[in-house]
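What follows is one structure encoded as structure tokens, with my remarks underneath.
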Amino acid sequence: MPPDPASRHDRAASFEQGAAQYASTRPSYPDAAVDWLLPDGARTVLDLAAGTGKLTQRLVARGLDVVAVEPSEAMRAELARTTPGARALGGTAESIPLPDASVDAVLVAQAWHWFSPAAPPEIARVLRPGGRLGIVWNVRDSGTDWVARFTEIIHRGDALEPSYAEPVPGPRFTPPEHRTFAWADPIRPTTLRALAASRSYLLTLPTARREELLAEIDDLVATHPDLAGRPEVDLPYRAECWRADVLPGSA
Ligand SMILES: C[S@@+](CC[C@H](N)C(=O)[O-])C[C@H]1O[C@@H](n2cnc3c(N)ncnc32)[C@H](O)[C@@H]1O
């Protein structure tokens, strides 16, 4: 059966197809956001739904003891290749292959929306007392005309609600605190095609429809005055971050 772009399950599983593309095009996360997400004195950190290791690399660079849990074999293989300093394990947010009270922080980048309600209690289980759940999404800032047009094309016909929304980790955590960090990723305009193609919506579309949308991206890159002929442009993002601490005695 072909994947259904309106199915949350098929969309979550689609990353298996796009690992190399994902690694080469998706943005990383700003250091200021990672600083804010991590609790003071954190040593052992779980990057949950780590993908190809975009955030994992930032955590390893800080000298932390990093475990990366990711269900997709292809994404995990890419992570192991690019981020040998982390321990990469197969697993999901609903079944984390770690002992109780074993990490100081669980960070979730661009993935909380794929988790089921079984995830928060499982995250609480692996956190040490006083440990922190940190959640981040990079959201394109569509205040710029070409970014707004790019965003319209890649979401056209998408029946699933936007991924980014205030997370609700539930009764085992303190109410989440929110902060936004504005930043920009310098990219070659031609990268926009691969960035679009790495998204779960395009990965699950029938080939002909996907190619139509990608052709529109090519056209945007070739004709928009702020993109055409430019070697590099800044793609503006807001890193939308939430943090919540696990409550005592809730394991
Ligand atoms: C958009 S990618 C984000 C990857 C990485 N965190 C990053 O920031 O680049 C979403 C990831 O969530 C993973 N995922 C989907 N459902 C999951 C679940 N229930 N538990 C853990 N990971 C899941 C996918 O395999 C994919 O690697």
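The values are calculated or read from the model by the stated rules, or taken from the named source; none is laboratory data. Note that the structure is predicted; figures quoted are calculated from it, not measured. Here the Cβ is made from the backbone with ideal geometry for all residues, glycine too, and neighbour counts use every protein chain on show. Heavy atoms of the whole protein, side chains included, go into the accessibility calculation; ligands, DNA and RNA do not. Shrake-Rupley method; radii C 1.70, N 1.55, O 1.52, S 1.80 Å.
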Keeping every protein chain present and rolling a 1.4 Å probe, give me the accessible area per residue for segment 1-93 in Å². 44
As a Kirkwood estimate from alpha-carbon pairs, segment 13-151 has a hydrodynamic radius in angstrom of 15.3
Accessible area of H178, 1.4 Å probe, to the nearest 10 Å²? 90
Could you work out how far apart the two model spin labels at A165 and A148 are, taking each label as a point 7 Å from the Cα in the direction of the beta carbon, and quote it in nm? 2.5
If I take all pairs of Cα atoms in segment 79-233, what percentage of them are more than 20 Å from each other? 61
Once both axes come from the Cα atoms, what is the angle between helix 73-82 and the longest principal axis of the chain, in degrees from 0 to 90, rounded to 10? 90
Please work out the C-alpha center-to-center distance from segment 84-133 to segment 197-251 and express it in whole Å. 25
For D226 and T207, extending 7 Å from Cα along the Cα-Cβ vector and measuring point to point gives, in nm, a value of 3.5
Taking one equal scatterer on every alpha-carbon of segment 161-205, how large is log10 of I(q)/I(0) by Debye at q = 0.27 1/Å? -1.03
Within the set A119, A88, A208, GNM on the chain using Cα springs under 10 Å gives the largest fluctuation to A208
Output the direction-averaged projected area (hull surface divided by four) of the convex hull of the alpha-carbon atoms of segment 161-238, in nm². 7.3
Rounded, prolate or oblate: which one fits segment 58-108, using the alpha carbon gyration tensor with axes a ≥ b ≥ c (rounded when a/c is under 1.5, else prolate when a/b beats b/c, else oblate)? oblate
Roughly what percent of Cα-Cα pairs across segment 79-120 reach past 16 Å? 48
What whole-number value in Å² describes the accessible area per residue of segment 124-251 for a 1.4 Å probe? 48
Length gained, T82-R62, 0.36 nm per residue minus C-alpha separation, equals 5.6 nm
Log10 I(q)/I(0) at q = 0.18 Å⁻¹ for segment 1-66, from Debye over equal alpha-carbon scatterers, is -0.77
Of the accessible area of segment 201-249, with the probe set at 1.4 angstrom, what percent is carbon plus sulfur? 51
